[in-house]
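Input: a single structure, listed below in structure tokens.
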Amino acid sequence: MLPLWVSLLLSAVPLFEGRYAIPVAILLGLSPPLAYLLCTAANLAVIPAVLLGMEAAAPHLRRRWKGVDRLFRFMVRKRLRGRHFAALFAFVALPLPGTGAYTGTILACMLGMKGWRPAATVALGVLAANALTALAAAGLSLWL
């Protein structure tokens, strides 16, 4: 029971997410498919919360600090024309520290992306990154 809770909690921690929670879950004795499902579910659950939080906090932050407003305007100007969803997916799908659901969702908000498409793009990236992590961790667990 403890590995289940540890996996769920670690998957919801920013910058830790599934990239580290899946190998920990496998080391704690969960099967790789179960570790993937649990950690991915917890990781996906943070996307709507961060998206809603950023949409609510961004206007206040932009009014309060001019540097934040300049950063938002710079990010919107630098948006990749028509390819921003593919770039966002590639960014989140890389199983590297700092490229997960939290960062991808914040980046989507800073780029001015609205609606369900950025959340779906980040979710697909999380699914891909966690699948790569689970496959790598399952392969390593065979050697241990």
Task: Vicinal HN-Hα couplings computed from phi for the range 55-65 (Karplus, 6.51 cos²θ - 1.76 cosθ + 1.60; Hz; Gly/Pro x) - done: 5, 7, 8, 4, x, 5, 5, 5, 6, 6, 10
- [ ] Among the trypsin sites (Lys or Arg not before Pro) in the range 10-98, which ones are in a DSSP loop with at most 13 other Cβ atoms within 10 Å of the Cβ? Mind listing them?
- [x] K78, R81, R83
Task: Helical mean residue ellipticity (222 nm; -39500 (n - 2.57) per DSSP H run of 4+; nearest 500) of the chain - done: -26500 deg cm²/dmol
- [ ] Please get the size of the charge dipole for the chain, origin at its Cα centre, with Cβ charges of +1 on Lys and Arg and -1 on Asp and Glu, quoted in debye to the nearest 20.
- [x] 1060 debye
Open item on the list: For the chain, take the longest principal axis of its alpha carbons; what is the angle in degrees between that and the long axis of helix 84-93, to the nearest 10 within 0 to 90?
Closed with: 30 degrees
Open item on the list: For the chain, take the longest principal axis of its alpha carbons; what is the angle in degrees between that and the long axis of helix 66-77, to the nearest 10 within 0 to 90?
Closed with: 80 degrees
Task: Estimated inter-spin distance, A45 and L15, nm [label 7 Å along Cα→Cβ] - done: 2.3 nm
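Quick check: net charge around T133, other residues with Cβ under 13 Å of its Cβ, Lys/Arg +1 and Asp/Glu -1?
That works out to 0.
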TODO: Could you work out how far helix 116-143 tilts from the main Cα principal axis of the chain, as a 0 to 90 degree angle to the nearest 10?
DONE: 30 degrees
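Computed from the coordinates by the stated procedures, all read-outs in this text should not be read as laboratory data. Remember, it's a predicted structure, so these values are computed and weren't measured experimentally. Using ideal geometry, Cβ is built from the backbone for each residue, glycine included, and neighbour counts are taken over all protein chains shown.
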